[in-house]
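Only one structure is covered here, and it is reproduced in the block below.
The values are calculated or read from the model by the stated rules, or taken from the named source; none is laboratory data. These numbers were taken from a predicted model, which means no experiment stands behind them. Reconstructed Cβ throughout: ideal geometry from the backbone, glycine too, with neighbour counts over all protein chains shown. For accessibility, only protein heavy atoms count, side chains too; no ligands or nucleic acids. Shrake-Rupley method; radii C 1.70, N 1.55, O 1.52, S 1.80 Å.
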Amino acid sequence: MLKKSQQSSDDLFEKSSMSFGEHLDELRKALTKAFIWLGIGSAFGLYFGENIVKFISEPLKASLTDFYILQAKQQFKKANGEEPTEKMSAWMSTNGVVPERVFVDPLDIENSPPVALDKVAEVAAQDESAAATDTVPLTNKEAQVAANPWKGIDLDKLERLQPVLLWRPIQNKLLTFNAMEGFMIWLKAGLVAGVIIGSPGIFWHIWQFLASGLYPHERRYVYWYLPLSLLLFFGGISLAFFVIFRLVLGFLLTYNLGLDIDIAPRLNEYMSFALMLPLGFGIAFQLPIVMLGLHRFGVVSVELFLSKWRIAVLVIAFLAMVLTPADVYSMIGLFFPLVALYFFGILLCKYMPAGPGLGSRALDPQG
């Protein structure tokens, strides 16, 4: 009698009106509808793809601006023995410029009278007109100087050169190394945005499929699980994009600053990192929902989750190291929230216990 009862409790479809084949058919329908939502989201994502790429590029541009301003402040301190004033730093940040040291001949400046601003366009037009009508061929010496400026250098003139500080715009634009890179990044940004935009519909159909395997009185919980799942998903994405990004970029650029190395960020490498990291955070934040699902279907008990929490923390630390770039901020930024979500998942499992016939199949910590 005991064997019969135990065997009955091990049947996943004992209380279900659907067979295994019907469950597979429901899974196929749910995935089809989820892909339709993904297609709709991707269509919107591709339509706004250019704006999405520009928006995602903003954290890097802000970090590059901070990097070059810090570099300029270091150079100022090295030359003057003290930090620049806050007013100077704020002015550089507001205008997006940094100083550049060049050498000029004072005699050339004296012999070039200043031109009024309203005359600049007129002078430029006259120069273009003169250049267009000037058909006098260059002499051999002039041609050599034009082709090789070093040949025309007056060595006596070098002794007169004086350093002058000019202000140049900060170079914070992303670079591409081939013509296809921009298109591929636009496509990738649109698809990733499609997952985020279509996530409410995608999550809904997945939860509808899971609800078909629950008891009738348990299916109402889906209306609690879905908002919680979406909240965790968007919470992970927001944490990664609005907090972790700036910390990670600032941390990595400090090494360039310490080594006195400029940076030429490549579009493909940055966008791959910027698109996948928030998506990875959003998926990782589903941990409490996964734990609750394992518990509801009787795979793991609350006692097992509690007794193995040290192993779980170790696994989370390993995943945080593997799934994030090689920097301390992103690893900590993923590790601590996941540990908190693990214990939050235990609370969900404890206060939303498994239904009859399901909890008996849960793994016991004592074996």
Checklist entry - Which of the peptides 75-83, 329-337 is most tightly packed, and how do the rest follow, judged by the mean count of other Cβ atoms within 10 Å per residue? => result 329-337, 75-83
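Using the Kirkwood radius built from alpha carbon pairs, what does the Stokes-Einstein equation give as D for segment 236-311 at 20 °C and 1.002 mPa s, in µm² per second? Intermediate values should be presented prior to the final figure.
Numbers: Rh = 15.5 Å.
Stokes-Einstein gives a translational diffusion coefficient of 138 µm²/s.
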Checklist entry - Which percent of the accessible heavy-atom area of segment 168-207 goes to carbon and sulfur, probe 1.4 angstrom? => result 75
Item to check | Heavy atoms of residue 52 accessible to a 1.4 Å probe, total area in Å² rounded to 10 | outcome: 40
Next on the checklist: Amide H of residue 104 versus every other amide H placed in the peptide plane: which residues, excluding those fewer than 5 positions away on the same chain, fall under 5 Å?
Outcome noted: 162, 164
Checklist entry - If the chain between residue 28 and residue 54 were fully stretched, how many nm would it gain, using 0.36 nm times the residue separation less the Cα-Cα distance? => result 5.7 nm
Checklist outcome for this item: Given backbone amide H placed at 1.01 Å from N, residues whose amide H is under 5 Å from that of residue 97, ignoring those fewer than 5 places away on the same chain, are 170
Checklist outcome for this item: Under the rule rounded for a/c under 1.5, else prolate if a/b exceeds b/c, else oblate, using alpha carbon gyration tensor axes a ≥ b ≥ c, segment 169-307 is classed as prolate
